[in-house]
Amino acid sequence: MPRFLADTSIWAWSQRSERPDIREKLADRYEAGEVVTCVPVILEAMHRSETGAQYRERFDRIFAPLERLPLADESVERALEVQRALAAASHGSHRRPAIDFLIAATAEAAGGEVVLWSFDRDLRVICEYTGQPHESEESAGPGR
């Protein structure tokens, strides 16, 4: 059974009315125990909480039950390696958010059974470069 590291973009889009398909897919995968997370995703997703109480409630409800993939030193080094390789390989492809390199490296280190699931062009570019499993919602949607 594949597991899906749902990027912050998935959590954000699941709250928007324009893409009910993402909300439904996330709910199905969450209920099936297929969603995992990591500290960089939690940090990004939780910064939107306005109060300490809201933070605690959201964290306990959404992220506490999930398996948390480790952000090991090797993943940090891999993130830097990929950024440097993209800088050498193309003009500007390395200019992606630093946290996206860390999220991609965390998923990659977890092995081929973890798919990085996002609605994020930057993560798609990184994953296509590394060849790691990923699922992008950028062009998906109802009827597409």
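Summary of computed values
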read-out	value
Residue list for segment 33-79, filter: among the hydrophobic types (A, V, I, L, M, F, W, C) and free of Cβ contacts under 8 Å to residues at least 12 places away in the same chain	A53, A64
Filter pass, L102 being farther than 24 Å from E138 by Cα, among the aliphatic types (A, V, I, L, M), open to solvent by less than 60 Å² (accessible area, probe 1.4 Å) and under 14 Å from the mean Cα position of the chain (by Cα)	no
Given (1) outside any helix (DSSP H, G or I); (2) at pLDDT 95 or above; (3) surrounded by fewer than 20 Cβ atoms within 10 Å (Cβ to Cβ); (4) not hydroxyl-bearing (S, T, Y), index of the condition E74 fails	(1)
Matching helices (runs of 4 or more DSSP H) fully within segment 11-71 where at least 2 residues are within 17 Å of the chain's Cα centre (by Cα), at pLDDT 95 or above and surrounded by 13 or more Cβ atoms within 10 Å (Cβ to Cβ)	20-31, 39-46
Extreme residue, farthest from W13 (Cα to Cα), among residues of segment 105-119 that are touching a residue at least 40 places away in the same chain (Cβ under 8 Å), open to solvent by less than 30 Å² (accessible area, probe 1.4 Å) and not aliphatic (A, V, I, L, M)	T106
M1, sole failed condition from (1) under 17 Å from the mean Cα position of the chain (by Cα); (2) under 19 Å from Q132 (Cα atoms); (3) exposed (fewer than 14 other Cβ atoms within 10 Å of the Cβ); (4) not small (G, A, S)	(1)
Unmet requirement for S136, which otherwise passes all of (1) crowded, with 19+ Cβ neighbours inside 10 Å; (2) at pLDDT below 95	(1)
Residues within segment 84-94 that are assigned to a helix (DSSP H, G or I), of a type outside the set (K, R) and open to solvent by 60 Å² or more (accessible area, probe 1.4 Å), tallied	2
Residue under evaluation L80, criteria (1) open to solvent by less than 70 Å² (accessible area, probe 1.4 Å); (2) touching a Phe, Trp or Tyr at 6+ places or on another chain (Cβ under 8 Å); (3) in a helix (DSSP H, G or I), criterion not met	(1)
Pairs with Cβ under 6 Å, 6+ apart, first in segment 15-30 and in contact (Cβ under 8 Å) with a residue 40 or more places away in the chain, second loosely packed, with under 12 Cβ neighbours inside 10 Å and assigned to a loop (DSSP other than H, G, I, E, B)	D21/P142
V115 over 25 Å from E18 (Cβ atoms), β-branched (V, I, T) and in a strand (DSSP E or B)	no
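The values are calculated or read from the model by the stated rules, or taken from the named source; none is laboratory data. These figures come from a predicted structure and were not determined experimentally. So basically every Cβ, Gly included, is an ideal-geometry build from the backbone, and we count neighbours across all protein chains shown. Heads up: the accessible areas ignore ligands, DNA and RNA and are worked out on the full protein's heavy atoms, side chains in. Shrake-Rupley method; radii C 1.70, N 1.55, O 1.52, S 1.80 Å.
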